[in-house]
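Trainee: Below: one structure in structure tokens.
Any read-out appearing in this document is the output of simple, stated calculations on the displayed coordinates, not a laboratory observation. Computed from a predicted structure; not experimentally measured. Neighbour counts are summed over all protein chains in view; Cβ atoms, including those assigned to glycine, are modelled from backbone coordinates with ideal geometry.
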Ligand SMILES: Nc1ncnc2c1ncn2[C@@H]1O[C@H](COP(=O)(O)OP(=O)(O)OP(=O)(O)O)[C@@H](O)[C@H]1O
Ligand SMILES: [Mg+2]
């Protein structure tokens, strides 16, 4: 850093990530930068490699090569625990919560607070309620409600609150609004924006361009496992992003023809 340059390094920076499943080369030399206080949309067609990329970030998959930097420091993430230790939490669309447990039980699953030998229910209840309130979530009546009784939007909200509870610095949401109606989508997107405004780094995977443009600061487009472009949302149009997704390039943006083959 040069004197006077106060720009902090990005929270997360991936460099040259490759990932294959046997003969299938899914991610190719992927660079990806995520900054605190911003929502970065990760877009791409079905099978482009979005979920694979976030699973690499979250330590679910190991990468074949490439580097991961957090706050400018090279790190090795060997599993979900390492990722959590580095403040990275992923909210998966389907696997996020257990239906037969209540909100508190879900939020503390596997990381329960204890008072001596017994579970410290009051402390967990209070912390769960405080976390939801801190995110201005008001539609959940009781933190002792079973998750099976929640709407899709409320479930996503609880899943996101769960990620936030663990001092996350980077929250990754894999298609959080895919199954939601209009009002619930708006509610989740508002929460996504609030997380970033609170200083977290947020990665949002979405196929919905309206959602992407509603909340994102930056847009990263994957095309057949390559990072076609990472741009400021204000620098591109919907049509350009759609082109990046479907063709890997749009005018001077994106992969060169020979790269996109
Ligand atoms: N465990 C795996 N074994 C083999 N191939 C896989 C595996 N996981 C993903 N793939 C392949 O990797 C490619 C990228 O898949 P991925 O799930 O990352 O795509 P995606 O961008 O998340 O797509 P979608 O928008 O449909 O969720 C696909 O061709 C898929 O078949
Ligand atoms: Mg996916």
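Trainee: With runs of 4+ DSSP H residues as the only contributors, calculate the mean residue ellipticity of the chain at 222 nm using -39,500 (n - 2.57) per run, divided by the residue total and rounded to the nearest 500. Spell out each step's value before the answer.
Mentor: Values: 9 runs with 84 residues, N = 261.
The helix-only estimate for the chain comes to -9000 deg cm²/dmol at 222 nm.
Trainee: Right, next: As I understand it, the value is the acute angle between the Cα axis of helix 182-197 and the longest principal axis of the Cα atoms of the chain; what does it come to in degrees, rounded to 10?
Mentor: The helix 182-197 is inclined about 80 degrees to the chain.
Trainee: Treat each spin label as a single point 7 Å out from the Cα along the C-beta direction, and report the residue 256 to residue 130 distance in nm.
Mentor: Result for the modelled spin labels: 5.5 nm.
Trainee: Between residue 115 and residue 167, what is the FRET efficiency for a Förster distance of 22 Å, r being their Cβ-Cβ separation, to the nearest 0.05?
Mentor: Working: r = 21 Å, r/R0 = 0.95.
The pair residue 115/residue 167 has a calculated efficiency of 0.55.
Trainee: Taking neighbour counts of Cβ atoms within 10 Å as a proxy for exposure, in what order, fewest first, do 60, 219 appear? Before the final figure, lay out the partial values.
Mentor: On the way: 60 16, 219 26.
Neighbour counts put them in this order, fewest first: 60, 219.
Trainee: Using Cα atoms only, what is the angle between the long axis of helix 121-134 and the major principal axis of the chain, expressed in degrees (0 to 90) to the nearest 10?
Mentor: Helix 121-134 and the main axis of the chain meet at about 50 degrees.
Trainee: Note the angle between two axes, namely the Cα long axis of helix 238-247 and the longest principal axis of the Cα atoms of the chain, as a number of degrees from 0 to 90, rounded to the nearest 10.
Mentor: 70
Trainee: Treat the count of other C-beta atoms within 10 Å as a stand-in for reagent exposure and order 212, 236 from fewest to most.
Mentor: 236, 212
Trainee: Can you compute the modelled spin-label distance between residue 85 and residue 123, with each label point 7 Å from Cα toward Cβ, in nm?
Mentor: Calculated label separation equals 2.3 nm.
Trainee: For 61, 223, what's the fewest-to-most ordering of other Cβ within 10 Å of each Cβ? Could you put the intermediate results ahead of the total?
Mentor: Values: 61 17, 223 24.
If I rank by nearby Cβ atoms, fewest first, I get 61, 223.
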